[in-house]
Amino acid sequence: MNVLVFDDNEKLNEAGANIIVSLVQTNPRAVLGLATGGTPVGIYEQVVRMYKQGLVSFRNATSYNLDEYVGLPEDHPESYHTYMRRHLFDHIDLPADSAHLPNGNATDPDAECAAYDEMIERSGQIDLQLLGIGHNGHIGFNEPDTDLVRGTHVVTLAEETRKANARYFDAIDDVPKQAITMGIGSILKAKTILLVVRGADKAEIAKRALTGPITTDVPASLLQTHPRLTVLLDRAAARHLS
Ligand code: PGA
């Protein structure tokens, strides 16, 4: 595990963007695993800046997002389809048909999940998976449980997750109750993983995930088993790590 701590969030964003951009520079056909939420916004801003400087092209790259809400229209302002367009896809040259997110409105969600895993498999697996972490240790929407699911699946969101995401909606009742998420096995199959953790409110879970026992109660703790994990933290999130 390679752990880097930053005093300055801008420097963290640059480091995260550099990892993504360097990969695509050396392997223009790279398969990127992308994340949503507050955590990656600044990293995407830097990726867009580097793209606009002509340093990188995503023309031949492919992306797969971790998750999408079930039942939210694709063009809803808080859908992850919309988030990705707003923060990244509208600003770079990644072809629309190379940018994949699960379809949260699929009439047959199980078939959608199986098809998503098959597509990732056919792409030759994810070269770099970007991840945030929830306060309860979830990655993607893999919530703490006695068993974790290997492949892409429909999940019922933890109340804590719906509360955390209510800040983006008018009311908590508007937050969808379910999502489609890549499973823990799909995430761990990525060739490299980039976990980003920011803020004092994530310090406790960062410590449990990175130094605590490997347990399905903290899904992110399974990342300790990955041979190529890089973790970027700001100083506040790293304060319980020695
Ligand atoms: P956040 O969410 O980046 O908005 O904190 C992370 C997550 O829930 O995985």
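The values are calculated or read from the model by the stated rules, or taken from the named source; none is laboratory data. Nothing here was measured: the structure is a model prediction, and the numbers come from that model. Every residue, glycine among them, receives a Cβ derived from its backbone with ideal geometry; neighbour counts consider all protein chains shown.
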Tally, over segment 188-208, of residues that are within 12 Å of the ligand (Cβ to nearest atom) and in contact with a strand residue (DSSP E or B) (Cβ under 6 Å, 6 or more places away or on another chain): 5
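Each row is one residue, and each column tells you yes or no for (1) in contact with a His (Cβ under 7 Å, 6 or more places away or on another chain); (2) in contact (Cβ under 8 Å) with a residue 40 or more places away in the chain; (3) outside any helix (DSSP H, G or I).
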| residue | (1), (2), (3) |
| --- | --- |
| LYS163 | no, no, no |
| PRO176 | no, yes, yes |
| LEU194 | no, yes, yes |
| LYS207 | yes, no, no |
| PRO213 | no, no, yes |
| LEU223 | no, yes, no |
| THR230 | no, yes, yes |
| LEU241 | no, yes, yes |
Can you report the number of residues in segment 122-138 which are crowded, with 17+ Cβ neighbours inside 10 Å and either free of Cβ contacts under 8 Å to residues at least 24 places away in the same chain or within 9 Å of the ligand (Cβ to nearest atom) (or both)? 6
When you go through (1) surrounded by fewer than 22 Cβ atoms within 10 Å (Cβ to Cβ); (2) outside any loop (DSSP other than H, G, I, E, B) one by one for VAL56, which number turns out not to apply? (2)
Could you tell me how many of the residues in segment 178-189 are within 14 Å of ILE126 (Cα to Cα) and either touching a His at 6+ places or on another chain (Cβ under 8 Å) or without any contact (Cβ under 8 Å) to a residue 40 or more places away in the chain (or both)? 3
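May I ask you to say which residue of ASP117, ASP110 is among the charged types (D, E, K, R), at negative phi and in contact with a strand residue (DSSP E or B) (Cβ under 8 Å, 6 or more places away or on another chain)? Explain how you work it out, then say what you get.
Numbers: ASP117 fails: in contact with a strand residue (DSSP E or B) (Cβ under 8 Å, 6 or more places away or on another chain).
ASP110 is the lone residue from the list that is among the charged types (D, E, K, R), at negative phi and in contact with a strand residue (DSSP E or B) (Cβ under 8 Å, 6 or more places away or on another chain).
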So which of THR230, THR211, THR225, THR215 ends up being among the β-branched types (Val, Ile, Thr), more than 14 Å from the ligand (Cβ to nearest atom), at pLDDT 95 or above and under 14 Å from LEU131 (Cα atoms)? THR230
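Condition check ((1) at pLDDT 95 or above; (2) touching a Ser or Thr at 6+ places or on another chain (Cβ under 7 Å); (3) under 20 Å from ARG167 (Cβ atoms)) across all residues:
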{"site": "ARG59", "(1), (2), (3)": "yes, no, no"}
{"site": "TYR69", "(1), (2), (3)": "yes, yes, yes"}
{"site": "GLU74", "(1), (2), (3)": "yes, no, no"}
{"site": "LEU88", "(1), (2), (3)": "yes, no, no"}
{"site": "LEU94", "(1), (2), (3)": "yes, yes, no"}
{"site": "ALA114", "(1), (2), (3)": "yes, no, no"}
VAL218 vs. criteria surrounded by 20 or more Cβ atoms within 10 Å (Cβ to Cβ) and either touching a Ser or Thr at 6+ places or on another chain (Cβ under 8 Å) or small (Gly, Ala, Ser) (or both): no
Under the condition of being under 11 Å from MET182 (Cα atoms) and out of contact with any Ser or Thr (no Cβ under 7 Å at 6 or more places or on another chain), which residue from segment 130-149 is modelled with the lowest pLDDT? VAL149
Top-ranked residue of segment 8-36 - restricted to ones that are in contact (Cβ under 8 Å) with a residue 40 or more places away in the chain and within 16 Å of VAL231 (Cβ to Cβ), ranked as nearest to the chain's Cα centre (by Cα): ALA35
